[in-house]
Amino acid sequence: MPAWVVRLRVPSGIWNSYFKFCVERNPWDKVLSHYHMHAYRLGGALSLDQYFARGKFPINYPRYTNPSRSRIIVDRVVRYENLTDELGEIFTRLNVPFDGDLGVRKKGHFRNDRTPYQLVFSPQQRQIVERVFAREIQLHGYRFAQAPNLEGMVNA
């Protein structure tokens, strides 16, 4: 349920007194992960070009912005890239015990190829992500980072 709907359904005193947060991810990395999940579910029978042709991307900002999408209405947007550290800060603030482990299984089994997104997307695919996720990129200052040094990198 989007945050703006929750805000409409709960008394303002509750909305204002609760700490509201969500998690967002670098759009290019998020798209690559989303692609791998769908390809896995189809038994590997989905190419990256086919995925892009479908045009169904994991756009999240409508879930944590007001209906006009002009501003963020939750108290904090945690970056997935810094998930453990930022959740640690939030849980400390909320007096919730946290040892750095969420105790749930990640969806990492969908993606065996750990090639960085910078080396996977074609220039056209990169531009599609930039266009489709323009609002998330603008809201959070994401950039198509330089490819990491691949020396010693092992597919996990």
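Extending 7 Å from the Cα toward the beta-carbon at both Gln127 and His38 defines two label points whose distance is 2.0 nm. Annotation: segment 1-79 has a Kirkwood hydrodynamic radius of 14.6 angstrom, from the mean reciprocal C-alpha pair distance. Accessible area per residue for the chain, computed on protein heavy atoms with a 1.4 Å probe, is 64 Å². Leaving ligands, DNA and RNA out of it, report the carbon-plus-sulfur percent of the accessible area of the chain at a 1.4 Å probe. So the carbon and sulfur contribution to the accessible surface is 51 percent. Considering only the Cα atoms of the chain, their convex hull presents on average a projected area of 11.3 nm². For segment 89-138, the fraction of alpha-carbon pairs lying more than 15 Å apart is 70 percent, rounded to a whole number. Only alpha carbons enter this Debye calculation for segment 23-63, each as an equal point scatterer, and the log10 of I(q)/I(0) it gives at q = 0.31 Å⁻¹ is -1.11.
Using a cutoff of 8 angstrom between alpha carbon atoms and counting only pairs six or more residues apart, the relative contact order for segment 15-98 works out to 40 percent.
Farthest towards the positive end of the charge dipole of segment 1-114, among the residues His38, Leu8, Tyr51, is the Cα of Leu8, using unit charges on the Cβ of Lys, Arg, Asp and Glu.
The values are calculated or read from the model by the stated rules, or taken from the named source; none is laboratory data. If you're wondering where the values come from, they're calculated on a predicted model, not measured in any experiment. Neighbour counts are summed over all protein chains in view; Cβ atoms, including those assigned to glycine, are modelled from backbone coordinates with ideal geometry. Remember, those area values only see protein heavy atoms, side chains included, never the ligands or the DNA or RNA. Shrake-Rupley method; radii C 1.70, N 1.55, O 1.52, S 1.80 Å.
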